[in-house]
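The values are calculated or read from the model by the stated rules, or taken from the named source; none is laboratory data. Computed from a predicted structure; not experimentally measured. Please note: Cβ atoms are built from the backbone with ideal geometry, for glycine as well, and neighbour counts cover all protein chains shown. For the accessible areas, the whole protein counts, side chains as well, though only heavy atoms, and no ligand, DNA or RNA atoms are used. Shrake-Rupley method; radii C 1.70, N 1.55, O 1.52, S 1.80 Å.
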Amino acid sequence: MIPVLLGGVAFAAMEGVSYAGHRWVMHGPGRGWHRSHHAPPSGRFERNDLFPVCFSVVGVALFLLASGPLPILWGPAIGVTAYGAVYALVHDVFIHRRLPLPVPRLRYLAWLREAHLDHHRGGGEPYGMLLPLVRGPVAGGADPVLLDRSAARRSERSMRARL
Ligand SMILES: [Zn+2]
Ligand SMILES: [Zn+2]
């Protein structure tokens, strides 16, 4: 029971960690990498993809510690990794359409998409992903195309660039 509880707490706590990381690292000293995600897509990958690569080191370290000297960390290791997987599914697959996978029609997902669109429009709040409760004033009109980072959208852009 305790590992399940710790896993749930770790999953929930990760929303706070990702909010802080997005706001004060990615839009702070890590701006050099994150800028690529706010710019029009220019290829299959973005420099911003280096962030999840770095974060995955934390997950691997937790699993190594859990399977070694600190078995109490099994729950947190699974919770943190599950958060990363859900974040990638919601942000990269559902919101930015980077993989052509079917997306369930849920009001919760529509709310997340709308909130993240505000972030891309204004470059500020909301920084949260799975519980974007902090919202701020947003400049600019509705432009859902802004979020489309799919392969089709990329080739359309490169076609236009060649004309
Ligand atoms: Zn951002
Ligand atoms: Zn985004």
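Observations
- Residue list for region 17-57, filter: under 16 Å from Pro132 (Cβ atoms) and away from ligand 1 (no atom under 14 Å from the Cβ): Val17
- Matching entry among Pro41, Pro3 (being surrounded by 13 or more Cβ atoms within 10 Å (Cβ to Cβ), touching a residue at least 60 places away in the same chain (Cβ under 8 Å) and over 24 Å from Ala115 (Cβ atoms)): Pro3
- Of residues in region 89-117 being touching a Phe, Trp or Tyr at 6+ places or on another chain (Cβ under 9 Å) and within 16 Å of ligand 2 (Cβ to nearest atom), the one most open to solvent (accessible area, probe 1.4 Å): Arg113
- Any chance Met14 is at pLDDT below 95 and among the aliphatic types (A, V, I, L, M): no
- Conditions (1) surrounded by fewer than 17 Cβ atoms within 10 Å (Cβ to Cβ); (2) of a type in the set (A, V, I, L, M, F, W, C); (3) more than 16 Å from Tyr19 (Cβ to Cβ); number of the one not met by Val86: (3)
- For region 20-30, residues that are open to solvent by 40 Å² or more (accessible area, probe 1.4 Å) and either modelled with pLDDT under 95 or within 14 Å of ligand 2 (Cβ to nearest atom) (or both) total 2.
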